[in-house]
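Take a look at the structure below.
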Amino acid sequence: MQIYLPIAEIVVNPLILVGLGGVVGLMSGLFGVGGGFLITPLLFFIGIPPPIAVATGANQVVASSVSGVLAHVKRRTVDFRMGGVLLAGGLVGSWLGVMVFNFLQSQGQVDLAVQLCYVVFLGLIGLMMLQESLRALLRSRQPSTGRRRLHQHMWVHRWPLKMKFRASGLYISAIPPLMIGLAVGVLAAIMGVGGGFIMVPAMIYLLGMPTKVVIGTSLFQIIFVTAFTTLMHAVNYNTVDIMLAVLLILGGVVGAQIGTVLGARLRAEQLRILLALLVLAVCGKLALDLFLTPDDLYSIATGGR
């Protein structure tokens, strides 16, 4: 069975789209990421134009994140105060990102820019996460030599405007979470991602938040930033394909619930390693596509006979 997507202007199998949504929803519940870093490249691979993939992918991230965060709220693993600070920065960043996306589209460079952003960011984040996760796994298998601090006090903890985040057990400056939220908002608009693949490691390694709280808090912020991004793209540039979004959401909501259950049964170090490997796999595929010769070559002739 094939259906026609009116905004993307292509014909696809709806079962493939539901399946893609389910995989991304699974990632959302399992790792605390919206899944946009995965759904947007996958939409590229099946022929969806990048502007449509970015805007509609952000829409699907909202549904997966809502489904995932509800499960975390029941477990009381969401720091709403931290989420609010991240959200404040995220909304501003999202608005800035949509403006940048519009400029790139007007210059005809949006396709290349989006794919390059994915390769650079996914490569860096994936390598850093894999390195740190392997270290943590090795430390957990070695006999303890004494008491360890829960987290180190780094330069970000010495900034002003400190706030108490009880759910995370932190008393730190509000400036670093605002900056993280701002960066994630920009990426959400340009790349069609929730930004969890950057926000989750930043919350763990920069802010020192416990992993069990990070996932739910990340999803909480992702909901509102990606919803705002989707609205901006739909109203200003008409790049959200409703039919495509509905099919992705159907699979995403179910997948997120399954992912949340599986995530509760795995150790934090194992979750981080799995996420790092997934990020690197997607990065490798995108990088390969940039260097391989396309199957369909064409040129624009400047003259005629």
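Details
- Matching residues in the stretch 59-93 - criterion: being modelled with pLDDT under 85 and of a type outside the set (A, V, I, L, M, F, W, C): ASN59, GLN60, SER64, SER65, SER67, GLY68, HIS72, LYS74, ARG75, ARG76, THR77
- Scope the stretch 170-188; condition at pLDDT below 80 and open to solvent by 60 Å² or more (accessible area, probe 1.4 Å); matching residues: none
- Taken over the stretch 75-88, the criterion of being of a type in the set (D, E, K, R) and either part of a helix (DSSP H, G or I) or surrounded by fewer than 23 Cβ atoms within 10 Å (Cβ to Cβ) (or both) is satisfied by ARG75, ARG76, ARG81.
- Residues that are modelled with pLDDT of 70 or more and basic (Lys, Arg) were ranked within the stretch 263-305; the one that is nearest to ALA113 (Cα to Cα) is LYS285.
- Lone unmet requirement of (1) surrounded by fewer than 24 Cβ atoms within 10 Å (Cβ to Cβ); (2) in contact (Cβ under 8 Å) with a residue 40 or more places away in the chain; (3) part of a helix (DSSP H, G or I) for SER65: (1)
- Any hit, the stretch 35-57, residues being out of contact with any Cys (no Cβ under 8 Å at 6 or more places or on another chain), under 19 Å from VAL213 (Cα atoms) and either open to solvent by 20 Å² or more (accessible area, probe 1.4 Å) or in a loop (DSSP other than H, G, I, E, B) (or both): yes
- When PRO14 is tested against (1) within 25 Å of ALA167 (Cα to Cα); (2) in contact with a strand residue (DSSP E or B) (Cβ under 6 Å, 6 or more places away or on another chain), exactly one condition is not met: (1).
- Check on ILE204, closer than 23 Å to THR239 by Cβ and aliphatic (A, V, I, L, M): no
- A single member of LEU112, LEU91, LEU138, LEU124 is open to solvent by 60 Å² or more (accessible area, probe 1.4 Å) and either touching a Leu at 6+ places or on another chain (Cβ under 6 Å) or in contact (Cβ under 8 Å) with a residue 40 or more places away in the chain (or both), and it is LEU91.
The values are calculated or read from the model by the stated rules, or taken from the named source; none is laboratory data. In this text, all values refer to a predicted model and were calculated from it rather than measured experimentally. Cβ atoms come from the backbone with ideal geometry, glycine included; neighbour counts cover every protein chain shown. Surface areas here come from the heavy atoms of the whole protein model, side chains and all, with no ligands, DNA or RNA. Shrake-Rupley method; radii C 1.70, N 1.55, O 1.52, S 1.80 Å.
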